[in-house]
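I have placed the structure first, in the form of structure tokens, so that the comments after it can refer back to it.
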């Protein structure tokens, strides 16, 4: 997963691209019922973008998930 600017033109090539205005952590499961690698890679990217690549801690995760501003439908 990579975050891109909305103004960036669509990718041309063989890889696929899905654009959303929000992150759906369900994405790997939508592709395959059990995708351990896909989930691991999504969480790695999530950690990079939202937690500056630092390890998840209980306090950081609780703060993130308790903030309604982080969700489309809190």
Name the single residue that is nearest to residue 28 (Cα to Cα) among those in region 46-59 being out of contact with any helix residue (DSSP H, G or I) (no Cβ under 9 Å at 6 or more places or on another chain) and free of Cβ contacts under 8 Å to residues at least 24 places away in the same chain.
47
Qualifying residue in region 34-50 (condition: under 22 Å from residue 71 (Cβ atoms), exposed (fewer than 10 other Cβ atoms within 10 Å of the Cβ) and out of contact with any strand residue (DSSP E or B) (no Cβ under 8 Å at 6 or more places or on another chain)):
no
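Quick note: the coordinates plus some simple rules give every number you see, no bench work behind them. Since the model is a prediction, treat every value here as computed from it, not as a measurement. In this analysis, Cβ positions are derived from the backbone assuming ideal geometry, glycine residues included, and neighbour counts consider all displayed protein chains.
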